[in-house]
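This report refers to the structure that appears directly beneath it.
The values are calculated or read from the model by the stated rules, or taken from the named source; none is laboratory data. Quick caveat, the model's predicted, so the values are computed rather than measured. In this analysis, Cβ positions are derived from the backbone assuming ideal geometry, glycine residues included, and neighbour counts consider all displayed protein chains. These accessible areas exclude ligands, DNA and RNA; they are computed on the full protein's heavy atoms, side chains included. Shrake-Rupley method; radii C 1.70, N 1.55, O 1.52, S 1.80 Å.
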Amino acid sequence: RIKIKRLYERNVHARIKLYRYIVFHLAKMATVNATLESVVHQFRHFSFDTIDYAVFIVLLSISLLIGIYFGFFGHGADNTEEYLLGGKRMKTIPIAISLVASQLSAAAMMTIPAEMYSFGISWFFSIASMALITPVLCWVIIPVFYNNNISNCYEYLELRFNRNTRHLLTFAFVFTIFLLLPVYIFVPSLAFSQVTGLNIHLINAFICSICVIYTMLGGIKAVVWTDVVQGALMIGSVALVCVLGTIKVGGVGEVLNIASKGGRLDVSFSFDATTRATFWNTSISGFILWTAYVGLNQSCVQRIVALPTLGHVKRSLMFFGAGVIVIMLFNCFVGIAMYALYHDCDPITLGYVQKADKMMPFFVEDIAGHLIGVPGIFISSVFSAALSTMSANLNALAGIVYLDYIKPYIKHTERKANYIMRGFICACGVYSIVGGLVVEQFSSILQLIYSIGGVTMGAVFGVYVLGMLVPRVHGRAALWSVIASMVSMLVIIGGAQNRLHYTSLPSSIEECSQENINNSIFSNSTSTLGNLPNSAESESFCLFDLSFNWYVTIGCLIVFLVAIPLSYILPAEKDYKLNIKLLSPVLHPFLNYNIVDMDELPELKTVKEF
């Protein structure tokens, strides 16, 4: 027992060796010893002590108290404008941090390192595209909303095209967020379950309840200020894990050397459309997806237009872009360091971790488990990321559903509006808990997110770009192009289910215990096909084998290919008239149009009166 205790206190390699030794001899002797069973159970479930629980509870309490403050004392929900836009008096830095926090979701904190660990750095180019996205948002897209006093980005589609296009894209937003809500909160529950052994669905229910309460009570102000607290914790946690992991391996040079030998630094420039991740599909899809999510998605636009002026917006977006690149760079490097540490003793192959999406909690416990409170800080940061993303989407979703689908059919009062939006947020929380049962069945969370977003995000990006940059396109052409894109992507993504089963790059267990390694009941075979799907063995190309990283690009391309020709073939609506104020400022020099001051424009209503 003394020997077991000493070995348990050492690093994960000693734990693995001891664990395999115990299991082998138990099987050999066909004996069950209660003491050894207890020790083995400890190896399977990392400890989460009192201090870690205390850190976790403190964080949730802060988020809850912020919601209570703005709900009851901070005048955060007096009317719909205050509830959804904070009276358009929000500050630059808090909005920037809030945007960063919502992009660094729990899925990002868990799945991006897992992606680097299993498939290498190709996905990083999706983040690198942010250097181009920020200027596009600042000078091409967001000024259109501000110069027309638009607070609901889907209102733009009605003004530029027609009401049907607006309703279709609004439905697409609601549909996409509904599918993603269970994913956002399930991922941190996965991490918590990994380190504590608690039932994942009970955790899911508890955390969803906390998020719903503070979002429901405090509105957009509670969302933003909880994001500030949670964002600071996330940034510090990711940086700490990155530094500790690098030190554990032996420095940056050693991490890069091991990763290079293991193929994790290789970048594919292949034009093969079935290759999982290449420079081309990650960078192009990253640009489209991030632009659509940050600049053309109501959950983000709602916070952006809560700033008082366009100057504040540009400064906030610059801070946001720099922050996302830095934080995601840390996050990607964590995955590389993770591989460097376990390159010769892979916990997934040995069965200590079920899948790559659960590697981060295992890694953190190994490198920082001896530091008091650090596991608790990390798990808290993962939940912070989930709470940030989910609360922002809940707030935006409640506003969109009320304004577009409920308000036109009832006698509106501010009191009634607040009750309805809060009730809707509660219903979404219940749905997210139940939806976790479905999310649990998917093997790759990152692939799941890209598949869901692939149905609508390409069409969203395409139709807004056409509206702002192509004056010729009218409402009928835009509507049919969006329909064509979404239907096509539903067919492609639906047909791809159960076909795209990518196998990770090779890993090794050669430095684990060699004695009877082949007899281990926990080992499993691994393939070395790497970036190719199993279906790639066939020489003929099948559209359903298309890499999920191409989904948003294909969806966007379909919009362009359908809308532009139809604009010449189909006549515009009889009452259609292009308002050049709805075009991007980058076209104004060619149209001899000077941007008028926002105060000179008539106020546009969020929803056209019925």
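Here are the numbers:
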{"quantity": "Test: residue in region 349-360 that is within 25 Å of TYR214 (Cα to Cα) and aliphatic (A, V, I, L, M)", "calculated": "no"}
{"quantity": "Residue within region 130-141 that is modelled with pLDDT under 90 and within 24 Å of VAL183 (Cβ to Cβ) present", "calculated": "yes"}
{"quantity": "Looking only at region 333-348, and only at residues there that are open to solvent by 10 Å² or more (accessible area, probe 1.4 Å) and not β-branched (Val, Ile, Thr), the one that is farthest from THR111 (Cα to Cα)", "calculated": "ASP344"}
{"quantity": "Qualifying residues in region 159-193 (those that are assigned to a helix (DSSP H, G or I) and aromatic (Phe, Trp, Tyr)) - the one most open to solvent (accessible area, probe 1.4 Å)", "calculated": "PHE171"}
{"quantity": "Where THR291 falls short, out of the listed (1) in a loop (DSSP other than H, G, I, E, B); (2) buried (at least 24 other Cβ atoms within 10 Å of the Cβ)", "calculated": "(1)"}
{"quantity": "Cβ-Cβ under 6 Å pairs, at least 6 apart or on other chains, region 228-252 side farther than 30 Å from SER391 by Cα and assigned by the TED database to the domain that holds GLU365, far side open to solvent by 40 Å² or more (accessible area, probe 1.4 Å) and among the hydrophobic types (A, V, I, L, M, F, W, C)", "calculated": "THR246/VAL252"}
{"quantity": "Sole exception among (1) buried (at least 18 other Cβ atoms within 10 Å of the Cβ); (2) not small (Gly, Ala, Ser); (3) not in a helix (DSSP H, G or I) for LEU198, by number", "calculated": "(1)"}
{"quantity": "Among the residues listed as SER547, SER535, SER507, the single one being at pLDDT below 50 and in contact with a Ser or Thr (Cβ under 8 Å, 6 or more places away or on another chain)", "calculated": "SER535"}
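This table checks each residue for (1) over 17 Å from the mean Cα position of the chain (by Cα); (2) surrounded by fewer than 20 Cβ atoms within 10 Å (Cβ to Cβ); (3) aromatic (Phe, Trp, Tyr).
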{"residue": "GLY245", "(1), (2), (3)": "yes, no, no"}
{"residue": "ILE258", "(1), (2), (3)": "yes, no, no"}
{"residue": "ALA277", "(1), (2), (3)": "yes, no, no"}
{"residue": "PHE287", "(1), (2), (3)": "no, no, yes"}
{"residue": "ASN297", "(1), (2), (3)": "no, no, no"}
{"residue": "ASN331", "(1), (2), (3)": "no, no, no"}
